[in-house]
Every structure is written in structure tokens, then in C-alpha cells.
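All remarks here apply to the structure that follows.
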Amino acid sequence: MKRRFLFISLGFTLLLGAGCAMMQSIVKSTFPYTTTLKVPKVSPVGVDLSVTGMANSFDQDFKKDGNNAEKVSQVRLVSAHMESKDPTDFNLGNLTMVKVYMAKADGTDEVLVASRTDITAGAGNSITLDIDNSHFLDQIVRQAKVRIRMVYRLRNPIDVSPELHIVLGLGAYPNRN
């Protein structure tokens, strides 16, 4: 029993001794940024349009004036998913393409993070987006709020204003500086 407690204490001490950087990178890599964007039913067909919203993550400690702002680095997108939230049976095949951009709350430093330019007519209510992980998102995710802009093009007129839920999974490394 004492030996087990010693090993658990030693492991916990090593984890804390390695600094919060390792723990914060694990947290940042575990909790995705999510947002729900509403596509107006009056959107014209065949025209590129955009909607914006604020995304949040469970780990909102990563803000510029927070204690953990410099603890993570090399933050990149690792997954992107979109699904119809309301109505749940809205066919994403009504869209021909989507592009998802991430930026600071004021819209600066906007970068393309995910897209899908070949959405088929029968896609259903959930699709995986192609990620663009060529950009580090360190400065963006250190902000208190993150802005998501989705550019979309409709294939067909729609009779509802669907709410589309976007989930952006991130990967991060501890900042060694």
C-alpha cells in the first residue's frame, strides 16, 4: 500500500515537475472548439455566402491575459466535422461546398482551417471536412474568444434555416521556451 502511494505520488510530482506545459498541451489537444452557425433559408443558390459565430472550448484558460497563455505551442488543426443540429435531418448535400476560417475575435489573423469542395447531393446530416493544418494557430487560441467564419454555396433552395454544428479538433505541444 505504501509502495503504491509512493509511486502515485512520484508520478504526480513528475507530472507537475514537468510543468503545466505538458498538461496544458494535453488539455488543448483533448477539447475541441465548437460553434453552431445558422444558414438563412433566403440564401441564394450558386453564390458564395458566409456566416460567422464565436467558437468556444472547454478549456478557456488559454487566453492572452491568463496564466497558461504561453504554455502551449505548435497548435494545429487535426480534425474537422460538421453536422446538422436543427433540424437534425437536414441534408448537407444541399451545400456544394464549405470553407471554414478561424480568427481572433475581432476577425484579424483569419486563416483557412477546413473545407469541403466536393459535397455530394446525398451527403446526409454529417460530413468530415478536409483540414488545412499548414498554419500554426497559437496566437488565435490564446485569445479569450475565437471567431469562426464559414463560406458556403447552396446547391438547391432550402425551406428551413438549418443550424450547422462545427467541431474543430486541435493538437498542441508543450511550449519549451
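The values are calculated or read from the model by the stated rules, or taken from the named source; none is laboratory data. As the structure is a computational prediction, the values presented were derived from the model and not from experiment. In this analysis, Cβ positions are derived from the backbone assuming ideal geometry, glycine residues included, and neighbour counts consider all displayed protein chains. Accessible surface is based on the protein model in full, side chains and every heavy atom, while ligands, DNA and RNA are left aside. Shrake-Rupley method; radii C 1.70, N 1.55, O 1.52, S 1.80 Å.
Structural remarks
- Members of the range 163-177 that are in a loop (DSSP other than H, G, I, E, B) and touching an Asp or Glu at 6+ places or on another chain (Cβ under 7 Å): Asn175
- The C-beta contact set for the range 164-177 (first residue open to solvent by less than 30 Å² (accessible area, probe 1.4 Å), second residue at pLDDT 85 or above and acidic (Asp, Glu), distance under 8 angstrom, 6+ apart or interchain) comprises Leu164/Glu83.
- Among the residues making up the range 145-163, a single one is under 14 Å from the mean Cα position of the chain (by Cα) and either at pLDDT below 90 or under 16 Å from Val42 (Cα atoms) (or both): Lys145.
- Residues satisfying the stated conditions in the range 154-163, i.e. surrounded by fewer than 22 Cβ atoms within 10 Å (Cβ to Cβ) and of a type outside the set (A, V, I, L, M, F, W, C): Arg155, Asn156, Pro157, Asp159, Ser161, Glu163
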